[in-house]
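Below is one structure, written out as structure tokens, with a few remarks after it.
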Amino acid sequence: MIPSDLTLRVKSLESLLVEKGLVDRAALDAVVDMFEHKIGPRNGARVVAKAWVDSAYKQRLLEQPNSAIAELGYGGQQGEHMVVVENTPAVHNVVVCTLCSCYPWPVLGLPPAWYKSAPYRVRMVIDPRGVLRELGLELSDDVEVRVWDSTSAVRYLVLPERPAGTDGLSESALAALVTRDSMIGVAKVHG
Amino acid sequence: MDDGQASGPIPFEKSEPASHEPWEARIAAIWSAMSGPQMQDHFGQYASSSPPSDDPAVGYFQGRYAQIVDWLVAAGMITRSELENGRPAEGARTATPLLTADMVGSWFSSDDNPWKCDVDVKPKFGVGQLVYARNMNPDPQRRCSCYARGKVGIVERDHGVFALPHLTHQCLDDESQHLYSVRFTASELWGQAHPNDTVVVNMWGDELESI
């Protein structure tokens, strides 16, 4: 297969930077490994599931999110100052970064392309219900849709509502239900 | 960003992977490594600048590639000629990488916050207080959610004292400020909007006034 133009350009840039001593190739390998295996929404799903089953943990998560998230071994870069916002029957929270793509890497991984796209970033603050509808979520008129515009200093995680009919499930089974989209706020969790 | 670019459909993909092609992960790693705290002295001024292009014809990672090249050239670390030739210029100095593989794990998990400051600054506003978002143009310019300027909202949270974006890692006594989350009704922001909807915007203390 013929490599794309950008495959060649990025490879050439990396080689130049390595040859000039500006980056260490093994360090880049380690960063890619972080992206693919160490950070990601499965981390956030564990946080959510624990909050669902342990009310004291949920309280800590809402009041001191960084230390509560760290209890499960997660934290660090691009999540240094976290805020967790809880969805309720009255309030549905959703996160956007109108300026760029600020996103809580330790619990959600790298942001998806749609989150970084101009249409999402602009339209979510202006017409959140329209955007949510487009992404498959319809909310009733009596619910407050609260949009959190993230910036580099503050990263948000939505604590979605626990779906009905999941009382008998274990924490790990609950975590398997939690999607990345529900922790951004563009979807609900289904049982 | 013009209305045409922003008014289109959301390019939503369910279960989207972190990167679609290996080069995307690679450029993300290069950007991450070059804009990390180890490179703060070299790239701090660029890392707080604008995001990649919003041009829908230019993908996000393609924009990141162009942006990191611009940073490297502006910082004098590479030349466009070297990039085109794929090799250092004759006689070019060889540096020592500031980020090595053994540092990556602790770097990613470090709770060192480059923006938070341990500086004693009295808060100007309290949670629940009505505030007005000033119509201002600070120097140096800051990236802002400028759609909230001139609007009235309620302080939702006080996040504590932070360094201004252009001073990341520098907690100067007279430049560090409280960062607030301020909740505005959608009607206040846009005029015609759903009466139950709100938008919460992060704003600096000097961007707000008491009412």
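The values are calculated or read from the model by the stated rules, or taken from the named source; none is laboratory data. Here the structure is a predicted model, which means the values were calculated and not measured. As a convention, Cβ positions derive from the backbone with ideal geometry for all residues, glycine included, and neighbour counts pool all protein chains shown.
Observations, loosely collected:
- Positions within the stretch B:120-153 being crowded, with 19+ Cβ neighbours inside 10 Å and in a strand (DSSP E or B), in sequence order: B:Val131, B:Ala133, B:Gly153
- Residue count, the stretch B:167-210 (criterion: surrounded by fewer than 22 Cβ atoms within 10 Å (Cβ to Cβ) and under 18 Å from B:Asp112 (Cα atoms)): 6
- Count - residues of the stretch B:137-153 that are farther than 24 Å from A:Arg123 by Cα and either of a type in the set (A, V, I, L, M) or at pLDDT 90 or above (or both): 0
- For the stretch B:55-81, a residue qualifies if it is within 13 Å of A:Arg9 (Cα to Cα) and either surrounded by 19 or more Cβ atoms within 10 Å (Cβ to Cβ) or among the aromatic types (Phe, Trp, Tyr) (or both), and the qualifying residues are B:Phe61, B:Gln62, B:Arg64, B:Tyr65, B:Ile68.
- The one condition from (1) assigned to a loop (DSSP other than H, G, I, E, B); (2) buried (at least 22 other Cβ atoms within 10 Å of the Cβ); (3) in contact with a strand residue (DSSP E or B) (Cβ under 7 Å, 6 or more places away or on another chain) that A:Leu139 does not meet is (2).
- Count - residues of the stretch A:70-98 that are aliphatic (A, V, I, L, M) and under 14 Å from A:Gly40 (Cβ atoms): 1
- Selection status of A:Arg162, within 14 Å of chain B (Cβ to nearest Cβ) and crowded, with 20+ Cβ neighbours inside 10 Å: no
- Every residue from the stretch B:1-36 that is assigned to a helix (DSSP H, G or I), more than 7 Å from chain A (Cβ to nearest Cβ) and modelled with pLDDT under 90: B:Asp3, B:Gly4, B:Trp31, B:Met34
- Yes/no for A:Glu161 being touching a residue at least 60 places away in the same chain (Cβ under 8 Å) and in a loop (DSSP other than H, G, I, E, B): yes
- Residue that is surrounded by the fewest Cβ atoms within 10 Å (Cβ to Cβ) [pool: residues in the stretch A:11-25 that are at the interface with another protein chain (Cβ under 7 Å from one of its Cβ atoms) and closer than 19 Å to B:Glu21 by Cα]: A:Ser15
- Search result, residues across the stretch B:158-192 that are closer than 17 Å to A:Glu80 by Cα, of a type outside the set (S, T, N, Q) and facing another protein chain (nearest Cβ under 9 Å): B:His159, B:Gly160, B:Phe162, B:Ala163, B:Pro165, B:Leu179
- Of the residues making up the stretch B:76-92, just one is within 27 Å of the chain's Cα centre (by Cα), closer than 16 Å to B:Tyr65 by Cβ and more than 7 Å from chain A (Cβ to nearest Cβ), namely B:Arg80.
- Those helices (runs of 4 or more DSSP H) of the stretch A:36-105 in which 2 or more residues are surrounded by 23 or more Cβ atoms within 10 Å (Cβ to Cβ) occupy A:41-53, A:65-71.
- Some residue of the stretch B:99-113 being in contact with an Asp or Glu (Cβ under 8 Å, 6 or more places away or on another chain), farther than 26 Å from A:Val31 by Cα and part of a loop (DSSP other than H, G, I, E, B): no
- The selection criterion, being on the phi > 0 side of the Ramachandran plot and more than 7 Å from chain B (Cβ to nearest Cβ), does not hold for A:Gly109.
- Residues in the stretch A:59-103 that are more than 10 Å from every other protein chain (Cβ to nearest Cβ), under 16 Å from the mean Cα position of the chain (by Cα) and not aliphatic (A, V, I, L, M): A:Pro65, A:Glu86, A:Asn87, A:Tyr103.
- The single condition among (1) crowded, with 22+ Cβ neighbours inside 10 Å; (2) free of Cβ contacts under 8 Å to residues at least 60 places away in the same chain; (3) assigned to a loop (DSSP other than H, G, I, E, B) that A:Val147 does not satisfy is (3).
- Breaking point among (1) in contact with a helix residue (DSSP H, G or I) (Cβ under 7 Å, 6 or more places away or on another chain); (2) modelled with pLDDT under 95; (3) not basic (Lys, Arg), for A:Pro41: (2)
- Boolean, B:Val155 is touching a strand residue (DSSP E or B) at 6+ places or on another chain (Cβ under 6 Å) and more than 11 Å from chain A (Cβ to nearest Cβ): yes
- Filter result for A:Leu8 (assigned to a loop (DSSP other than H, G, I, E, B) and within 9 Å of another protein chain (Cβ to nearest Cβ)): no
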